[in-house]
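What follows is a set of notes on a single structure, which appears directly below.
The values are calculated or read from the model by the stated rules, or taken from the named source; none is laboratory data. For clarity, every value in this text was computed on a predicted model and none was experimentally measured. In this analysis, Cβ positions are derived from the backbone assuming ideal geometry, glycine residues included, and neighbour counts consider all displayed protein chains. Calculation scope for accessible area: heavy atoms of the full protein, side chains included, ligands and nucleic acids excluded. Shrake-Rupley method; radii C 1.70, N 1.55, O 1.52, S 1.80 Å.
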Amino acid sequence: MTASALTRPGERDRLSTKVAELDWRLISLLAVIACVGAGMLYSIAGGSWTPWAAPHLIRFGGLLIAMLVLAMVHPKWWFRAAYPLYGVLLVLVLMIEFTPLGYQPAGAGAKNWLNLGFTRIQPAEFMKLGLVLALARWYHNHSAQEARWSWKLLIPAGMIGLPFLLVAKQPDLGSAMIIGLTGAAIMFMAGLSWRVIAAGAAAAVVAIPPFVMFGMHEYQRNRVLTFLDPEADPSGTGYNIIQSKIALGSGGFLGKGYGLGSQSQLEFLPERHTDFIFSTVAEEFGFVGSFTVLACYVAVILIALRIASLAHSHFGRLAAAGMTAFFALFVLINGAMVMGMAPVVGVPMPLLSYGGSSMMTVMFGFGLVLSTRVHRYAELPKGHGLF
């Protein structure tokens with residue numbers, strides 16, 4: 001018997017041990033949410049698997065396998081890849097602005113796609129992952145005092161600010177908000193001084209009015225003004241929010257029934273397969289159905305935060321918590337948007353809405369969270385020894 005043959009059982013044992021360490025509650029909840037999304041896409045297509053439900057399930061199946069593979073990857077490889085990945089993604093975002101490869105799809109409000117010839121991608125979606133990893137690595141190598149208050153905080157602030165400004169200029173306000181708020185959440189979880197947080201919040205409040213009036217494109221400004229008074233233009237800029245509220249309210253406690261939502265089935269509800277799919281859930285399944293879906297999201301967030309808290313390395317804790325933060329922001333912003341509590345900024349409900357880029361980002365992110373769970377006892381040295 002060869003030496004290589006003798007090692008194979010041990011290798012299989014190590015793999016089986018890693019598989020056993022996966023959090024199957026988290027995986028099951030993600031699968032439930034994706035299946036609910038497929039069911040709603042089937043409903044709003046008039047009882048057809050095309051054009052949305054079947055591709056949604058196929059895409060999720062492929063990304064589920066990718067997520068499980070990424071969960072087997074040791075955190076040291078995520079650590080090594082953090083800065084290079086952030087740099088590559090930043091270059092891709094820059095290419096949208098400064099090269100002819102960037103383009104704006106028909107009917108879209110932002111020039112946020114990159115045509116690489118063999119594929120088309122939205123770099124801003126993946127920048128969220130790159131930013132989380134880069135910030136987690138930076139804080140891993142710095143003391144708690146430096147994370148609390150130091151001139152060195154200009155470095156993570158710049159790492160957040162640069163992609164935020166570039167994405168906002170596209171203009172993709174939804175992705176820019178996720179990038180900025182995710183970065184701020186990581187700085188907070190890393191121990192940023194409350195004085196700095198309060199000063200930053202005050203500065204943001206002061207800056208919002210002039211930014212809305214002078215820093216936004218006209219259609220973005222109209223969205224904000226519509227959020228404040230949707231009835232001012234009910235058949236124009238206020239139409240989306242008004243129809244979403246009608247769908248939410250008409251579902252009542254138990255809903256109208258599967259496939260019987262008039263707002264979605266008769267196509268009164270805009271973007272019913274992407275941004276406003278949660279309104280369809282509320283219309284067809286009422287308060288009970290929408291509460292159940294939100295409960296699944298809350299369970300995912302709590303489990304992922306628990307996984308983050310168990311990691312022995314500071315990098316693992318912050319990376320897993322950061323991935324959870326951007327997932328939670330997706331849910332929070334989309335939920336507020338469809339209820340008329342926030343402007344319509346084009347943020348999908350993760351795994352429920354139809355869309356490849358957002359699903360890929362979320363599943364890759366949870367691959368890292370599961371990797372943190374599987375390798376929670378892994379220690380990573382301080383400094384730059386692994387790069």
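The share of accessible area on the chain that comes from carbon and sulfur is 70 percent, using a 1.4 angstrom probe. Of the peptides 304-312, 36-44, the ranking by mean beta-carbon count within 10 Å, highest at the top, reads 36-44, 304-312.
Long hydrophobic helices in the chain, taken as whole DSSP H segments with a C-alpha length of 18 Å or more on their own axis and mean Kyte-Doolittle hydropathy at least 1.0: 24-44, 53-71, 75-98, 154-168, 173-189, 194-210, 277-310, 314-338, 356-374.
Separation of segment 164-192 and segment 267-314 by C-alpha centroid, Å? Value for the Cα centre distance between the two parts: 21 Å. Modelled this way, with points 7 Å down the Cα-to-C-beta line, the labels at Cys35 and Val206 are 5.3 nm from one another. Magnitude of the charge dipole for the chain, about its Cα centre and with charges confined to Cβ atoms of Lys, Arg (+1) and Asp, Glu (-1), is about 1260 debye.
Checking the a/c ratio against 1.5 first, then a/b against b/c, what shape does the Cα gyration tensor give for segment 272-385? Prolate shape, in that a/c is at least 1.5 and a/b is the bigger ratio. Packing, as the average of other Cβ atoms within 10 Å across residues, places the peptides 168-180, 336-348 in the order 168-180, 336-348, highest first.
In the context of the full set of protein chains, the chain has a per residue accessible area of 46 Å² (1.4 Å probe). Seen from every direction in turn and averaged, the convex hull around the alpha carbons of the chain projects onto 21.9 nm².
Entry note, the chain: the mean residue ellipticity at 222 nm calculated from DSSP H runs of n ≥ 4, each adding -39500 (n - 2.57), is -22500 deg cm²/dmol after division by the residues and rounding to the nearest 500.
Candidates Leu254, Gly286, Phe327 compared by Cα position along the dipole of segment 238-387: farthest toward the positive end lies Phe327, with charges placed on Cβ.
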